[in-house]
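Notes to accompany the following structure.
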């Protein structure tokens with residue numbers, strides 16, 4: 001067989017072998033139902049789910065896109081204790097080598113307190129305190145009080161936005177941004193999660209997030 005006839009055959013065989021090595025695509029849409037359960041994203045960190053309904057939607061029809069999924073939450077409640085948030089950040093810091101460390105999350109008198117050190121030559125202790133809310137898509141922490149030695153408010157929030165994004169995000173797309181006196185957490189960029197957030201607040205020692213009208217109605221009925 002002549003060389004110019006062998007080459008196309010080799011190309012076809014190589015493409016066929018590469019395709020054969022890829023796993024088949026899962027169903028384009030699958031559903032997740034959790035009446036009550038928990039998700040443990042890091043040792044000691046527990047996210048409690050209740051009345052949770054979601055669809056997992058593929059990014060495409062072929063590999064690898066079909067194995068990448070967006071979790072579209074229809075309704076549900078998510079509760080995370082301050083201690084679980086601290087342990088979640090601890091684990092991410094170990095994995096990322098971020099320039100912020102000693103991160104601690106506390107909840108006092110209906111506000112979230114974020115403490116730690118940001119390294120800018122030397123470790124600078126910081127503390128951000130404020131309520132948690134939502135714009136319907138993202139989580140927002142409004143910095144009512146800020147303490148940091150030698151850093152202006154805007155400089156600190158900008159740095160926190162960059163470094164917190166590196167902690168919560170496994171990819172290169174930013175998921176935490178600073179806008180004025182607010183830190184905005186974007187679930188779609190952080191974890192490929194989307195859905196209508198009807199309420200976000202802190203109560204007791206927990207951050208509580210409600211998705212969809214059904215979750216809000218259950219909360220009101222329980223009062």
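Restricting attention to the range 42-96, the residues that are farther than 17 Å from residue 188 by Cβ and in a strand (DSSP E or B) total 15. For the range 60-78, the criterion of being under 22 Å from residue 128 (Cβ atoms) and touching a strand residue (DSSP E or B) at 6+ places or on another chain (Cβ under 9 Å) is met by at least one residue. For the range 148-156, does any single residue satisfy the condition of being modelled with pLDDT of 80 or more and either farther than 21 Å from residue 46 by Cβ or surrounded by fewer than 17 Cβ atoms within 10 Å (Cβ to Cβ) (or both)? No, the range 148-156 has no match at all. Which condition breaks for residue 139 when tested against (1) surrounded by fewer than 19 Cβ atoms within 10 Å (Cβ to Cβ); (2) under 20 Å from residue 191 (Cβ atoms); (3) in contact (Cβ under 8 Å) with a residue 60 or more places away in the chain? Single failed check for residue 139: (1).
Across the range 29-46, the qualifying residues are those that are touching a helix residue (DSSP H, G or I) at 6+ places or on another chain (Cβ under 7 Å) and modelled with pLDDT of 85 or more, and the one among them that is surrounded by the most Cβ atoms within 10 Å (Cβ to Cβ) is 45.
The values are calculated or read from the model by the stated rules, or taken from the named source; none is laboratory data. Computed from a predicted model, the values in this text were never measured in an experiment. Ideal geometry is used to build each Cβ from the backbone, glycine not excepted, and the neighbour counts take in all protein chains shown.
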